[in-house]
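The values are calculated or read from the model by the stated rules, or taken from the named source; none is laboratory data. Since this is a predicted model, take the numbers as computed values, not measurements. A quick note on method: Cβ atoms are made from the backbone with ideal geometry, for glycine too, and the neighbour counts reach across all protein chains shown.
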Amino acid sequence: MSRVTARRKTLRISPTGTVQRPDTLAVEEPLEIRTGGASLAVTMRTPGADIDLVHGFLFAEGVIDTAEDIVTARYCAGTDENGQNTYNLLDIRLRTPVPVQPRNFLTNSACGLCGKTALDEVRTRIRYPLPAATPLVDVATLSKLPGELRSRQQVFDATGGLHAAGLFTADGTALAVREDVGRHNAVDKVIGWALRESLLPAHDLVLMVSGRASFELVQKAVMAGIPVLGAVSAPSSLAVDLATDTGLTLIGFLRGETMNVYSATDRVRI
């Protein structure tokens, strides 16, 4: 499997002078997802947990409903300049084949569509309506989640260049944390893990993400039946609209004891 970090030369400039030294970077490589040998999608990701990534991505897009819908997932031949397998081609066999073209993936469809159209499209694909007012999550628990997420970012410690997503219980217990150069990939990886562990719909769990909360992250949480989404940074306007429309509790600027709750505030216990 490809390494998740790589070394590159850099010129370090500081008030004390300059020095040439290697720097550790997060690896970013394409993953092509094929079905029946035909290309279905390509995503740029950090290698690792690719099987979880594919499960989460296809689940969020409505291609599969259960882990059993993927019969096999295997890496295909693909080599670099040294003849080593890159592990960047993943061929899946679906229990029920789907047409490859055209595929209108929801994570891409928001580009070029108006907000109402994007909201309507998510609404028609929802499998698991979110439960009302549950789970209840204490403010004290929410305030600890960013630190808990950060403490499990091993590759970030080495590179400073990865996002993270984590699934937590309502009392703050970490179940799964994944890292990736893309926020959406990190979320796909933890949702794919939950799907393979038969934890969906995740009506009693909390999704915590580094960075901001975009429309697509809210969409993925809603599709997985996750009622609470916390983010270290700001949400977008369309993310708040979707959270409000679907009854998801969306929390932004979650940093220590301060936070903004943008929707479904009754799940947050003060």
Notebook entry, point to check: Which of the residues spanning segment 209-222 are under 12 Å from the mean Cα position of the chain (by Cα), aliphatic (A, V, I, L, M) and either more than 18 Å from A194 (Cα to Cα) or part of a helix (DSSP H, G or I) (or both)?
Noted result: A213, L217, V218, A221
Margin query: Suppose we filter V177, V206 for residues that are closer than 25 Å to T66 by Cβ, assigned to a strand (DSSP E or B), touching a Phe, Trp or Tyr at 6+ places or on another chain (Cβ under 7 Å) and not charged (D, E, K, R); which single one remains?
Written below: V206
Checklist line | Enumeration of residues in segment 227-248 that are in contact (Cβ under 8 Å) with a residue 60 or more places away in the chain and either in a strand (DSSP E or B) or within 18 Å of the chain's Cα centre (by Cα) (or both) | finding: P227, V228, G230, V232, L238, L242, L248
Notebook entry, point to check: Within segment 188-195, can one find any residue that is small (G, A, S) and closer than 22 Å to V42 by Cβ?
Noted result: yes
Item checked: Output for segment 48-69, where each listed residue is more than 16 Å from G225 (Cα to Cα), in contact (Cβ under 8 Å) with a residue 60 or more places away in the chain and part of a helix (DSSP H, G or I) -> I51, D52, L53, V54
Notebook entry, point to check: Does at least one position in segment 25-32 carry a residue that is part of a helix (DSSP H, G or I), at pLDDT 90 or above and either in contact with a strand residue (DSSP E or B) (Cβ under 6 Å, 6 or more places away or on another chain) or within 25 Å of E197 (Cα to Cα) (or both)?
Noted result: no
Checklist line | Complete set of residues in segment 103-145 that are modelled with pLDDT of 95 or more and part of a helix (DSSP H, G or I) | finding: V139, A140, T141, L142, S143, K144, L145
Notebook entry, point to check: Just a yes or no: is a residue in segment 11-23 crowded, with 17+ Cβ neighbours inside 10 Å, touching a strand residue (DSSP E or B) at 6+ places or on another chain (Cβ under 8 Å), modelled with pLDDT of 90 or more and not charged (D, E, K, R)?
Noted result: no
Next item on the list: Find the residue count for segment 55-76, including only residues that are surrounded by fewer than 24 Cβ atoms within 10 Å (Cβ to Cβ) and on the phi < 0 side of the Ramachandran plot.
Entry: 15
Next item on the list: Please determine, by comparing only the residues of segment 146-174 that are polar (S, T, N, Q), part of a helix (DSSP H, G or I) and out of contact with any Leu (no Cβ under 8 Å at 6 or more places or on another chain), which one is nearest to G256 (Cα to Cα).
Entry: S151
Check: What pairs come up if the first residue lies in segment 252-270 and is without any contact (Cβ under 8 Å) to a residue 40 or more places away in the chain and surrounded by fewer than 20 Cβ atoms within 10 Å (Cβ to Cβ), the second is in a loop (DSSP other than H, G, I, E, B) and of a type in the set (A, V, I, L, M, F, W, C), and their beta carbons are under 8 Å apart, counting only those six or more places apart or on different chains?
Finding: F253/V232; F253/A234
Check: Does segment 35-57 hold any residues that are charged (D, E, K, R) and within 8 Å of D188 (Cβ to Cβ), and which are they?
Finding: D52
Margin query: Suppose we filter V63, V98 for residues that are at pLDDT below 85, under 24 Å from E216 (Cα atoms) and among the aliphatic types (A, V, I, L, M); which single one remains?
Written below: V98
